[in-house]
Amino acid sequence: MSGFGRQLSCILSSMLQLFCGGMHIGWSIMHFYMSGNKWAVGISVDEFRFAILSFFTGCGFIILIVAATKQLLPTRVWLMLSAFFFMINGIFFTAMPTNYGATVGTRIVAGFGQGICHVVSIIYVGEIASRNFRGKLVAMLVSSIIGGIALFTILSMVTTNPVYIVEPNMHPNRAIGIVILSLSTFALVPAWFLVIESPIYTLTTSGNDALAKTNLIKLRGLSMESPSMMDEFEDMKTLAAESESLSPFFLSQGNFPPFQLSLLIKLANLLFFNYSMNTAKMSLMSLMFTLNVFTHNWAPSILMLSKFVASLFAILIIDVLPRRFQYGVSSIFTGSFMLALGIILATYDIVETWIPPFLYITAEVFNTFGMLPVSEILLSEAFPPKKRALSVSSILICEYVGHMVVYIIYFNVPSTLTNTYIKTLVFSGVILLKCFIAMLTIPDTRNMYPREAVQAYMHKKK
């Protein structure tokens, strides 16, 4: 098996589980509009809102635990634990799709699975990937999440009545439960049999050079040592040795610049993604259709499928273009099309129905083309091993808690045309501002070994 094929097999379990997590993110998005099923009848507004937030609550809670214990367990054990949590969710969603307690409780459990898998997988890919495949493998993880969201937007439409008259044959919770149970069960197989432990993890925990070298040979698809592989191994050994003298605290000893940059880019994505969830998916995309109370709205599915196609394209070109160029093009076009959309909403009383959806789909596509994968690449490669778990976990906690905060604000601030265009203008301005900062500071790490990448983010000379 080639080096890329071997590394891809190592992250297969992660991709399957992140796809499951993406379906739950899609659940949160679509349940704003899923009153046409039995589950949504007879519960209070607060109960409905907590069901939406429960998944992110589970993510944030478990990431706190992973941050402190990541080094105690090998990668395959973490991934199997994550798959186990998803399996529990799948079983209850399949067996008890209309039970409120089971829905909320096991969405929290699914959040445990997503939180573990997201942190562990991003760190793992950064440590095992060849320098010329690192971006591509991270982009595959991102695409898996988006694919899960896209699938659920479709499932929610085909299994939900626009108006609750009679329950559909397949409840949306049962549909997602069947998919999640199948994928998470299958994910146990590659987690146990295909995952090869990271050489950097082995070097930093046990110091076993022979085992670390053997794992690296396997990961590169080689039968014996080669000069380039030995150069890479020496780079990993040096990185692990240098990391031993560091403290785990993520804001000290030169770690603040990469942490600040990664968090800045993540916040730009958070603003755009939450704008997408809370405003545009229905109020703007729905202009594509003439809707009544008995027709399905396929606008979110079209939007997320467009985003998924863009994520597949990003996989192909992520290691071709310089990081800052790809992020710059992505964020400039994303911010510019959102700015145009905000100006149109603010200045025109009547517009052609195709204009807002066109501008918004374009913004989504460009966002997925660079802003999403580059932010995850930074998490995978920017931090030294001893600071990596706490740094990545802290940023992802900010991301998942940020989703909850924006949801809560949205729950309490009714969406009107006026605040829609104000939010559009503000978010587009923030994205453009952060774009210029990121373009000036993101290093090009496409062909760097792990230690070289860490030094580039810390602004150190070799």
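The values are calculated or read from the model by the stated rules, or taken from the named source; none is laboratory data. The structure displayed is predicted, hence computed values, not measured ones. When we count neighbours, we look across all protein chains shown, and the Cβ atoms used for this are built from the backbone with ideal geometry, even at glycine. Each accessible area value is taken on the protein alone, full model and side chains, heavy atoms only, with ligands, DNA and RNA left out. Shrake-Rupley method; radii C 1.70, N 1.55, O 1.52, S 1.80 Å.
See the values below:
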quantity	calculated
Dipole of the chain [Lys/Arg +1, Asp/Glu -1 at C-beta], most positive-end residue of Tyr124, Gly147, Pro356	Tyr124
The chain - mean residue ellipticity at 222 nm from DSSP helices (-39,500 (n - 2.57) per run, n ≥ 4, rounded to 500)	-24500 deg cm²/dmol
Solvent-accessible area, 1.4 Å probe, carbon plus sulfur percent, for the stretch 327-429	75 percent
Accessible area per residue in Å² at 1.4 Å probe, computed on the chain	38 Å²
Cα-based helix-to-principal-axis angle, 75-95 vs the chain, degrees rounded to 10	20 degrees
Calculated P(r) tail over 22 Å for the stretch 1-140, as whole % of Cα pairs	43 percent
Sites Ala68 and Ala95, calculated FRET efficiency, Cβ-Cβ separation with R0 51 Å, nearest 0.05	0.90
Among Asn215, Leu239, Thr205 - extreme Cα towards positive end, dipole of the stretch 203-247, charges at beta-carbon	Asn215
Which listed pairs, of Lys387/Lys434; Lys307/Lys387; Lys266/Lys423; Lys237/Lys386; Lys70/Lys387; Lys266/Lys387, have C-alpha distances above 22 Å, in listed order	Lys387/Lys434; Lys307/Lys387
Exposed chymotrypsin sites (Phe, Trp or Tyr not before Pro) absent - longest run of the chain, DSSP non-H/G/I/E/B, at most 12 other C-beta within 10 Å	1-248
For the stretch 8-24 and the stretch 179-202, distance of Cα centres in Å	9 Å
Options Pro443, Tyr100, Ser184, ranked by Cα towards positive dipole end of the chain, top entry (Cβ charges)	Pro443
Shape call, the stretch 77-220: gyration tensor on alpha carbons, a/c limit 1.5	prolate
Simple spin-label estimate for Ile317 and Val405 in nanometres, 7 Å along Cα-Cβ	3.3 nm
Charged-residue dipole, Cβ positions (Lys, Arg, Asp, Glu), the chain about Cα centre, Debye nearest 20	340 debye
0 to 90° range, to nearest 10: angle between helix 172-193 axis and the chain longest Cα axis	10 degrees
Residue-span extension gain [Ser182 to Val158] - 0.36 nm each, minus C-alpha spacing	6.7 nm
Cα gyration tensor shape for the stretch 324-391, rounded if a/c is under 1.5, else prolate or oblate	prolate
